[in-house]
Every structure is written in structure tokens, then in C-alpha cells.
Amino acid sequence: MSVLIILLGSLVVFRGLGFAGVDSLATWVASARTALATMFVFTAVSHFAPMKKDLIAMVPPELPRPELLVFLTGIAELAGAAGLLVPSLRFWAAWGLILLLVLMLPANVSAARRDVHLRGRRATPLWIRVPMQILFIGWAWMVR
């Protein structure tokens, strides 16, 4: 749920900055794009921080090299976040993030079904996580 708070909270902050005269955030779409990039930087950092162990536990047992997968998805999230902010890369960055979100959904489903804990708490229940994932996909589509 914290990623949703980051996404929506940063949208409000960036839109406020746009209203205050920051030209690069003058539209809802520009603010939404920057908010999505902020959310992905936030999630990517966890791939390289102590929470990395929890993320490794989320990887479905059938997949090889969970440590490498967590590392690579962290890099992909950072690259996608940066790409969203570069006009010539925006379209492909958004599509890359959409693909990443689709590919990572099975890990979220697996974590919820296996009762994996993240930072000492149960993984987000599927009835919340799946709509959130759909929201993130739609958001990336909107800001592409």
C-alpha cells in the first residue's frame, strides 16, 4: 500500500508545484508521469536495500536465481523511471514498465498465496494487489 501512497502523494505535490508555476509540471499528465517515475524509484531502491531479502522471498520457487531476478527488476524499474522523464524515451519506457508490471504480477500472486511477509507484514492481499497492478499499468499507459 505504501507504493500507492507514494504515487498519489507525489501526484498531489507535483500538481501543486505545477499550479505554483513549475512549467515541467504544468499539466496533470506531466505531474502523473513524474509521480509514476517517483514511485518506481521508490520501489527500485528496495531491490538494493535490506528489504531485498523479502523481495527475493516473493519470487515464485519455480523461477531460477531469485537474487538475480530481484537485482534485474530493480535495474529495470530505475531505467523505466528515468526513461519516463526523457521525452524521446518516454513511450518505450512506459511500455517497458507495463511489461515489467505484467511479468511481476505472478510474483505478487505467489507471495500472497504463500503468505510471504514484507517488512514483517503479510504481502498485500490479492483483492487489493491486482487492482493496484491494473492501476499502475493504466497509469503507465496514460503517461506514455
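The values are calculated or read from the model by the stated rules, or taken from the named source; none is laboratory data. Note that this is a predicted model, so its numbers are computed, not measured. Glycine gets a Cβ as well: all are built from the backbone with ideal geometry, and neighbour counts include every protein chain shown. Just the protein is used for accessible areas: all its heavy atoms, side chains included, with ligands, DNA and RNA removed. Shrake-Rupley method; radii C 1.70, N 1.55, O 1.52, S 1.80 Å.
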Within the range 102-130, considering residues that are in contact (Cβ under 8 Å) with a residue 24 or more places away in the chain and small (Gly, Ala, Ser), the one nearest to Met1 (Cα to Cα): Ala123
Taking the range 62-85, which residues are open to solvent by 90 Å² or more (accessible area, probe 1.4 Å) and under 20 Å from Thr124 (Cα atoms)? none
Going residue by residue through the range 50-57, is there one that turns out to be open to solvent by 60 Å² or more (accessible area, probe 1.4 Å), closer than 25 Å to Gly9 by Cβ, in a loop (DSSP other than H, G, I, E, B) and out of contact with any Ser or Thr (no Cβ under 8 Å at 6 or more places or on another chain)? yes
In the range 6-49, anything surrounded by fewer than 18 Cβ atoms within 10 Å (Cβ to Cβ), at negative phi and part of a loop (DSSP other than H, G, I, E, B) is listed as Ala20, Val22, Ala26, Thr27, Phe48, Ala49
Restricting attention to the range 92-114, does a residue exist that is more than 24 Å from Ser10 (Cβ to Cβ), touching a strand residue (DSSP E or B) at 6+ places or on another chain (Cβ under 7 Å) and not in a helix (DSSP H, G or I)? no
